[in-house]
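One structure is given here, and the rest of the page talks about it.
The values are calculated or read from the model by the stated rules, or taken from the named source; none is laboratory data. These numbers come from a predicted model, not from an experiment. Glycine also receives a Cβ, built like all others from the backbone with ideal geometry; neighbour counts cover every protein chain displayed.
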Amino acid sequence: MLYVKAPAKINLTLDVLHKRPDGYHEVEMIMTTVDLADRIGLELRNDEDIVILSADRFVPNDHRNLAYQAAKVLKDTYGISQGVSISIEKEIPIAAGLAGGSSDAAATLRGLNELWNLNLSLDTLAELGAKVGSDVSFCVYGGTALATGRGEKIQELPAPPACWVVLAKPSIGVSTAEVYGNLNVSGITHPNTQGMIDAIHAGDFAAMCQNIGNVLEDVTLNMHPEVAIIKEQMKRFGADAVLMSGSGPTVFGLVEHEARVSRIYNGLKGFCDEVYTIRLVGERNPLA
Ligand SMILES: C[C@](O)(CO)[C@H](O)COP(=O)(O)OP(=O)(O)OC[C@H]1O[C@@H](n2ccc(N)nc2=O)[C@H](O)[C@@H]1O
Ligand SMILES: Nc1ncnc2c1ncn2[C@@H]1O[C@H](COP(=O)(O)OP(=O)(O)OP(=O)(O)O)[C@@H](O)[C@H]1O
């Protein structure tokens with residue numbers, strides 16, 4: 001059995017430039033890996049099947065699973081006949097805006113590259129990953145990056161200044177397609193993506209906090225007012241910056257000083273079942 005770590009991401013920025021003729025939105029976003037991860041176990045089989053094993057009843061165990069789709073793309077592209085069993089131990093909340101399914105798919109690509117002796121580069125795996133979902137390419141690399149196109153064009157950035165991250169996920173799931181569908185593209189106030197890139201290059205935590213922004217936040221907040229309440233609480237308990245990740249509903253707080261973290265965590269626990277204190281990871285993923 002080969003085990004591969006599948007870490008979650010948060011969006012430090014998420015901007016939408018326009019809606020494309022193919023129905024997707026042209027985005028510009030800065031994503032970074034956090035140390036909350038699923039664990040993917042890969043075991044080669046004696047037949048040709050792709051089998052998904054998970055104890056979590058919300059994880060699909062068939063072709064709808066993004067890890068299944070990743071294995072299928074690799075198998076079909078390189079004419080591999082050998083099957084694989086993919087076990088998924090979920091730690092990342094589902095339908096949360098943290099790219100859990102996408103990261104499972106990316107980890108599956110990295111792991112099967114090794115098990116099937118394909119010797120593919122991360123760039124090739126990221127290209128294949130884009131066929132599975134817009135967030136998969138970033139998740140293949142991990143680390144910190146500017147993502148453009150529909151999210152699949154990745155330019156690596158240095159690690160942001162180290163800090164704590166408190167995540168709070170309300171007990172609702174959000175459909176990414178629905179959130180993009182409810183976005184009014186002409187009414188957007190754009191975040192300062194270049195300001196965030198400069199802050200990251202300068203290692204300037206205060207500037208990073210000033211430049212966070214997500215144009216999908218208002219859409220999800222309108223659909224689910226409890227997300228706004230969590231944002232307010234996170235600010236009140238002392239986070240340095242607070243934002244919704246991806247299409248939500250998870251809210252994250254960036255916190256510079258460890259001494260403040262437990263107050264925020266404990267304060268949020270009163271409102272929200274799923275609260276995590278984690279760190280930014282900074283580095284890219286190992287190949288497998
Ligand atoms: C919200 C983010 O997670 C931010 O990182 C991503 O933009 C979404 O990435 P994802 O979940 O991997 O998205 P996909 O599985 O590729 O697409 C789901 C649906 O979201 C919408 N979608 C997604 C990405 C994009 N750039 N424009 C879109 O309009 C489309 O309706 C699409 O059918
Ligand atoms: N490996 C997987 N783990 C969790 N959900 C999966 C997986 N594969 C497919 N899904 C389906 O995808 C849906 C979205 O789950 P996921 O956790 O990937 O969302 P997300 O974190 O909001 O993603 P993103 O941030 O990329 O938009 C789930 O409701 C589930 O049915």
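So, in the range 5-34, exactly how many residues are within 16 Å of ligand 2 (Cβ to nearest atom), in contact with a Lys or Arg (Cβ under 6 Å, 6 or more places away or on another chain) and either in a strand (DSSP E or B) or among the basic types (K, R) (or both)?
Of the residues in the range 5-34, 3 are within 16 Å of ligand 2 (Cβ to nearest atom), in contact with a Lys or Arg (Cβ under 6 Å, 6 or more places away or on another chain) and either in a strand (DSSP E or B) or among the basic types (K, R) (or both).
Considering (1) within 8 Å of ligand 2 (Cβ to nearest atom); (2) surrounded by fewer than 20 Cβ atoms within 10 Å (Cβ to Cβ); (3) at pLDDT 95 or above, say which one L118 fails and leave the rest.
(1)
If I ask for residues that are away from ligand 1 (no atom under 15 Å from the Cβ), surrounded by 17 or more Cβ atoms within 10 Å (Cβ to Cβ) and within 21 Å of the chain's Cα centre (by Cα), which ones from the range 53-82 would you list?
Within the range 53-82, S54, V59, A71 meet the criteria.
Whether any residue in the range 73-95 is without any contact (Cβ under 8 Å) to a residue 24 or more places away in the chain and in the same structural domain as M29 (by TED's automatic domain parsing) is what I want to check.
Yes, that holds for at least one residue.
Is it the case, given these coordinates, that E127 is in a loop (DSSP other than H, G, I, E, B), closer than 30 Å to M196 by Cβ and either in the same structural domain as M208 (by TED's automatic domain parsing) or of a type in the set (D, E, K, R) (or both)?
Values: in a loop (DSSP other than H, G, I, E, B): no; closer than 30 Å to M196 by Cβ: yes; either in the same structural domain as M208 (by TED's automatic domain parsing) or of a type in the set (D, E, K, R) (or both): yes.
Considered against the rule, which asks whether it is in a loop (DSSP other than H, G, I, E, B), closer than 30 Å to M196 by Cβ and either in the same structural domain as M208 (by TED's automatic domain parsing) or of a type in the set (D, E, K, R) (or both), E127 comes out as no.
Within the range 102-135, count every residue that is more than 11 Å from ligand 1 (Cβ to nearest atom) and β-branched (V, I, T). Even if it seems obvious, please write down each step before you answer.
Of the range 102-135, the ones more than 11 Å from ligand 1 (Cβ to nearest atom) are 104, 107-128.
In the following step, the residues that additionally are β-branched (V, I, T) were identified as 108, 124.
The qualifying residues number 2.
State all residues of the range 206-216 that are more than 16 Å from ligand 1 (Cβ to nearest atom) and either within 21 Å of the chain's Cα centre (by Cα) or in a strand (DSSP E or B) (or both); if no residue qualifies, say none.
Answer for the range 206-216, where residues must be more than 16 Å from ligand 1 (Cβ to nearest atom) and either within 21 Å of the chain's Cα centre (by Cα) or in a strand (DSSP E or B) (or both): M208, C209, N211.
Return yes when S85 is within 16 Å of ligand 2 (Cβ to nearest atom), small (G, A, S), part of a strand (DSSP E or B) and surrounded by fewer than 23 Cβ atoms within 10 Å (Cβ to Cβ) and no when it is not.
Judged against the criteria, S85 is a match.
Which of the residues spanning the range 88-106 are near ligand 2 (Cβ under 6 Å from one of its atoms) and not in a loop (DSSP other than H, G, I, E, B)?
Those that are near ligand 2 (Cβ under 6 Å from one of its atoms) and not in a loop (DSSP other than H, G, I, E, B): I88, G100, G101, S102, D104.
Can you tell me which residues in the range 149-184 are within 14 Å of ligand 1 (Cβ to nearest atom), touching a strand residue (DSSP E or B) at 6+ places or on another chain (Cβ under 8 Å) and under 24 Å from L122 (Cβ atoms)?
Those that are within 14 Å of ligand 1 (Cβ to nearest atom), touching a strand residue (DSSP E or B) at 6+ places or on another chain (Cβ under 8 Å) and under 24 Å from L122 (Cβ atoms): G149, R150, G151, K153, I154.
For the range 142-192, which positions are closer than 27 Å to L268 by Cα, part of a loop (DSSP other than H, G, I, E, B) and within 16 Å of ligand 2 (Cβ to nearest atom)?
Within the range 142-192, P170, S171, I172, G173, V174, S175 meet the criteria.
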